[in-house]
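Step one of this worksheet: look at the structure below.
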Amino acid sequence: MALLPTLVRGEDLTKQMGFAQSLYALAGLAAPALGGIVISQTGYKTPFVIDSISFLVLALTPALLGVNREGSAAKAGEKIRAGDGLKYIFKDRFLRALAILICAFLFAAGMVSVANVFLLTKVLHASVLQFGLCGAASALGMVMGGILLMKFSIPSDQYAKAIVTALLAASGLIIGLSFAGHWLVVLVLSLFFGVLIAVVTALLSTIFIRNSPSEMRGRIGAALNGFMNIGMIVSLLASGPILDWLGVRRALLAAGLLAIVLVGSFSPPHSRGVQRR
């Protein structure tokens, strides 16, 4: 996150984020299949070795490409600490609202990923193949979302409005899942849900990059990832008891309605298109 703005023009950041999102989703589609092939041929050890090598490649890539981001010396008596990225987000009304919104929304979205398992297998009696197709549809949607961002430019002063609109649309899709009567409906809704999540993620990353001081960009990016992970982890912890309590369809309906309330609660700072950079 800290290096990317030094390599990409400001107006191309969103397209680059869309490109990265597409690659991420494609990897999500290909990796399980490749992992299964490798495990079937070599056992469990080799995939872990390959995975560790991939991290070494990631660490070496900037050096191999000859790119770098020069550090900036702190003023006398000053030192940027690990938690300063989080403090910066909370001091900034715009970034704080975005971070809380995406954390809360991912709580609702995380419940969808758990509820879909039971919706497809227990309620709609989908086969293993049909379940897999629905899961792949979401990843394919993320690829499509990234491609859309690469093809169509969104003005920077419309980023926040686009995020709010996409989140409201995604909330509607969650509600639609609660009424799904066939696995094909789940597949189509999952496809569009993936598109929207890709758009939100790319635009959100772009906003945080543009509104972060260069010397704190990496720490602010880490804090943003922390918000996103908290939303997903809490949703995984809470999904089981909530599904037991409400049932699959009512839990999805409640998640969709909750998402709309959350977007409405935290969207005022966004809807005015607040944008400093």
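The values are calculated or read from the model by the stated rules, or taken from the named source; none is laboratory data. Values in this document were obtained by computation on a predicted structure and should not be read as measured data. Note: ideal-geometry Cβ built from the backbone for every residue, glycine included; neighbour counts use all protein chains shown.
Can you give me the number of residues within region 245-277 that are modelled with pLDDT of 85 or more and more than 22 Å from the chain's Cα centre (by Cα)? Residues that pass the stated criteria total 6. In the set Ser153, Ser178, Ser138, only one residue is assigned by TED's automatic domain parsing to the domain that holds Arg93 and farther than 30 Å from Arg250 by Cα; that residue is Ser153. If you check Ser153, Ser113 for being surrounded by fewer than 17 Cβ atoms within 10 Å (Cβ to Cβ) and within 14 Å of the chain's Cα centre (by Cα), only one passes: Ser113. Please enumerate the residues belonging to region 15-62 that are under 18 Å from the mean Cα position of the chain (by Cα) and over 27 Å from Leu133 (Cβ atoms). Passing the criteria: Lys15, Gln16, Met17.
Pick out the one residue from Leu129, Leu101, Leu106 that is touching a Phe, Trp or Tyr at 6+ places or on another chain (Cβ under 6 Å) and part of a helix (DSSP H, G or I). So the residue among Leu129, Leu101, Leu106 that is touching a Phe, Trp or Tyr at 6+ places or on another chain (Cβ under 6 Å) and part of a helix (DSSP H, G or I) is Leu101.
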